[in-house]
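The values are calculated or read from the model by the stated rules, or taken from the named source; none is laboratory data. Just so we're clear, the structure is a prediction, and the values are computed from it rather than from any experiment. Virtual Cβ from ideal backbone geometry, glycine too; neighbours counted across all protein chains shown.
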Amino acid sequence: MIKLENVTKRYGDKLVVDGLSLEVAEGEVCVLIGPSGCGKTTTLRMINRLVEPTSGRITVGDRDVRSAAPEELRRGLGYAIQSVGLFPHLTVAANIMTVPRLLGWERSRMRARVDELLTLVGLAPDAYATKYPRHLSGGEAQRVGVARALAADPPVLLMDEPFGAVDPLNRERLQGEFARIQRDLRKTVVFVTHDVDEAIRLADRIAVMKDGRLRQYDTPERLLDHPADKFVHDFMGADRALKRLGRVRVDTVMNTAVPRIDRSGGGAALTSPASCAVERFAYVVDAAGVMEGWSDCREPESSESPGSGVTLIDWREATVRPDDSLKEALSHMLELGFRRIAVTDDSGHLLGDVSLAEVEAALTGGDSHVATSPAGGLDR
Amino acid sequence: MVREPDNIDPGVSHLADRVGATGALIVLAGCALLPLYALRANRIVPGIAQPIAAGGPAAWVLVLLAMVALAAALRARGPSRARLELACAAGMIASLSWALAYAAANITPDPASPARVSIGAGAWLAIAGAAAVWFAATRSPMSRACRVGAAALVAVSWLAAGWWGGLARLSILREYSSQSDAFWNEVGTHLTLVGAALGLAIVIGVPLGILASRVLRVRRVTLSAVGLIQTIPSLALLGLLVLPLAALGLPGIGPLPAIIALTLYALLPIVRNTYLGLAQVDASAIDAGLGMGMSRSQVLTRVEAPLALPLVIEGVRAAAVMTIGIAAVVAFIGVGTLGVLIITGLGYQADDLILLGAVPMVLMAVVADALLRALGRFVTSPGIREEAR
């Protein structure tokens, strides 16, 4: 889909990108990573001709990028940047409509698209469409930035550290959402970052660059297991086992058959196929299936005092989402001191759980647990 | 402009209002220490101060309102203080119109006699003090209806006092009635000159400002050049223009050098604010615009212009107020602006003729200022408006 052939960029005497060749397959996420000044952003900006290469050839979908006016090329390539660059004088809706407006879409179509995109990035259209950028939090602005890049449904997305300007917690959430969106949309994405964990989590392939040269272009697994040289090895970092967990999505390994008790059903009515005697505990949910806590089955539940032995928790604090990585799940478990942690959706509905056993299996299973299908590691 | 009434600066609202109190004291001082009106036997003899009671009940209303304003500024708090102060300020200026009209009719009952009543120093002081109270009040958030209502009260009251007839016997208006043709000519010339110079300065200055924001060398040359012009005193500039114009075979006096000089003065705020307006646009917004497929000119019209326009209009406002003042000076090179009245009045030592030139200029500047401020607010996107103070 995107092909760079022997691309070089030179500013005066300074060689910023040196004979770079790279191919990104359709529907893949290619992450460009490397220390600052390695030429990754320049490479990205050469694809949409914000920077013109000194020599070499770049094609997008078999067309040389120089075959059309740069404006026309760029309208077909979604663009999201670290500083977001939302237009402060325009509402969120008008910001998102930037490219559709340049393409001359009809108003009703643009309206519908704005609603669709805001919903996609997890912002309520009614609440956000008429807001101005200065009223958005950092994370919300980044979401709008992604929505704006997706507005005209371009086949290609160019993203320059799109989650770089938000706090780590929000960044992980945004990464999870981006991974979810990308699973549905299957865009061809070129993504620049300096965050190795982000690269491992999101990339199909990672291009490690240094001093304008490509050091290794491979899947995250191969980069972790078979680094081409010492630089790549060091750059990927020491905690490779943990980094591997960043590749495994919670919903690919979670147990869905968890014992659960519906508290509104009156005390200890077991609704799970699994027996409390075996599991020794059960999750407690309300009538709508929203996680409320858990019950220790070893303490006999007397009919006089239903709810004894029940630990109530706030699902926002003590559960993980299916989109989260196993690394996040493990980190939560360690933090809370649990051997297992419940998985809920965004409204708190209990979906299942993951335990240290799954983490262990993911670590020893190597490549077989890579999160590419919901079947959870059966596809390789 | 959306103002949030509960978002009040505590520095303005929860302490005594010093500006308002000072304004009210100035009004009281004007009433007590200086004459509000003076009687002159003819145009040029010095006036004889008249007692405040000559203004009839309206004069005492003025004093009363000044006291209320003083009390409000010192004791009241919150939005009600601002409204009270604004009402007092408008009421003081309105009652002054009736005091003057009453005094003029009272002291000089015979319209045919050359004797006339002129506006005394106390009255000017009272107007200045009331304006200060007005300013103090409008620093607080206030609905547009209050502001417009206060301005309407003042305008209606002065018009009514004029229609009633007393004001026409004030010396400044007797000067007007004897000079009305020349007066309106001069007002017309003044406005035409200012309008032409502003138009030219916008046509030249905005592109220069845009160029300055793009090209470093243009920026250096342009900004220092327009800054240098600004340091030349206006009379000196008119003198300096004679030689180059003569070299081109053009007259060194008359409307041409006048327009050139005014345009040159108006350039600085317009060029500088256009440049600053464009320079303050976030580079990432421009990068995003280009990256999404806007052409350079689309980035200018859709991103940079809306963000820079409020500052550009602020520059035009500063230029307008400045050129309205400088336009008086070009009377020296034979252009019939309101400056002619001032120069003539100075020559005859006729104070009221000077005022007839000066007061309309002040009014023009105030109106231009208000209109361009309103325009500036109108073109400012709610997304970049400053939050209510």
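Some notes on this structure:
- Tally of residues being under 21 Å from residue B:351 (Cβ atoms), touching a helix residue (DSSP H, G or I) at 6+ places or on another chain (Cβ under 7 Å) and among the β-branched types (Val, Ile, Thr) across region B:32-62: 2
- Taking the criterion of being among the aliphatic types (A, V, I, L, M), closer than 12 Å to residue A:146 by Cα and more than 7 Å from every other protein chain (Cβ to nearest Cβ), the only residue of region A:72-83 that qualifies is A:80.
- Selection count, region A:129-149, where residues are outside any loop (DSSP other than H, G, I, E, B) and either of a type in the set (S, T, N, Q) or surrounded by fewer than 22 Cβ atoms within 10 Å (Cβ to Cβ) (or both): 7
- Conditions (1) under 27 Å from the mean Cα position of the chain (by Cα); (2) in contact (Cβ under 8 Å) with a residue 24 or more places away in the chain: number failed by residue A:23: (2)
- Pair list, Cβ < 6 Å and 6+ apart or interchain, from region B:96-115 residues that are more than 22 Å from residue B:157 (Cα to Cα) to residues that are of a type in the set (Gly, Ala, Ser) and part of a loop (DSSP other than H, G, I, E, B): B:115/B:41
- Residues of region A:43-66 that are in contact with a helix residue (DSSP H, G or I) (Cβ under 9 Å, 6 or more places away or on another chain) and either within 12 Å of another protein chain (Cβ to nearest Cβ) or assigned to a helix (DSSP H, G or I) (or both): A:45, A:46, A:47, A:48, A:49, A:50, A:51, A:65, A:66.
- In region B:238-284, the qualifying residues are those that are within 14 Å of chain A (Cβ to nearest Cβ) and in contact with a Leu (Cβ under 7 Å, 6 or more places away or on another chain), and the one that is farthest from residue A:153 (Cα to Cα) is B:277.
Residues checked against (1) farther than 23 Å from residue B:370 by Cβ; (2) at pLDDT 90 or above; (3) touching a strand residue (DSSP E or B) at 6+ places or on another chain (Cβ under 9 Å):
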{"position": "B:86", "(1), (2), (3)": "no, yes, no"}
{"position": "B:102", "(1), (2), (3)": "yes, no, no"}
{"position": "B:115", "(1), (2), (3)": "yes, no, yes"}
{"position": "B:118", "(1), (2), (3)": "yes, no, yes"}
{"position": "B:129", "(1), (2), (3)": "no, yes, no"}
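- A residue that is surrounded by 18 or more Cβ atoms within 10 Å (Cβ to Cβ), within 14 Å of another protein chain (Cβ to nearest Cβ) and touching a helix residue (DSSP H, G or I) at 6+ places or on another chain (Cβ under 7 Å) can be found somewhere in region B:378-388.
- With respect to (1) closer than 30 Å to residue B:379 by Cα; (2) more than 17 Å from the chain's Cα centre (by Cα); (3) more than 10 Å from chain B (Cβ to nearest Cβ), the lone exception for residue A:142 is condition (2).
- Taken over region A:93-139, the criterion of being within 12 Å of chain B (Cβ to nearest Cβ), more than 25 Å from residue A:71 (Cβ to Cβ) and aliphatic (A, V, I, L, M) is satisfied by A:136 alone.
- Residues being surrounded by fewer than 21 Cβ atoms within 10 Å (Cβ to Cβ) and assigned to a helix (DSSP H, G or I) - total across region A:150-170: 3
- Verdict on residue A:69 being within 11 Å of chain B (Cβ to nearest Cβ), surrounded by fewer than 16 Cβ atoms within 10 Å (Cβ to Cβ), out of contact with any Cys (no Cβ under 6 Å at 6 or more places or on another chain) and small (Gly, Ala, Ser): yes
- Residue count for region A:1-42 under the criterion of being closer than 28 Å to residue A:181 by Cα, of a type in the set (D, E, K, R) and part of a strand (DSSP E or B): the result is 2.
- Residue match in region A:330-347 (condition: at pLDDT 80 or above, part of a loop (DSSP other than H, G, I, E, B) and surrounded by 14 or more Cβ atoms within 10 Å (Cβ to Cβ)): yes
- Identity of the residue in region B:286-335, of a type in the set (Asp, Glu) and free of Cβ contacts under 8 Å to residues at least 40 places away in the same chain, that ends up farthest from the other protein chains (Cβ to nearest Cβ): B:304
- Hey, residue A:52 loosely packed, with under 15 Cβ neighbours inside 10 Å and over 28 Å from residue B:386 (Cβ atoms) or not: yes
- Test: residue A:192 is under 23 Å from residue A:34 (Cβ atoms), outside any helix (DSSP H, G or I) and in contact with an Asp or Glu (Cβ under 9 Å, 6 or more places away or on another chain): yes
- Condition broken by residue B:245, with the remaining ones in (1) free of Cβ contacts under 8 Å to residues at least 12 places away in the same chain; (2) surrounded by fewer than 19 Cβ atoms within 10 Å (Cβ to Cβ); (3) more than 30 Å from residue B:363 (Cβ to Cβ) satisfied: (1)
- Where residue A:228 falls short, out of the listed (1) modelled with pLDDT of 80 or more; (2) farther than 30 Å from residue A:34 by Cα; (3) part of a loop (DSSP other than H, G, I, E, B): (2)
- Exactly one residue among B:224, B:213 is touching a Ser or Thr at 6+ places or on another chain (Cβ under 9 Å) and either in the same structural domain as residue B:313 (by TED's automatic domain parsing) or at pLDDT 90 or above (or both), and that residue is B:213.
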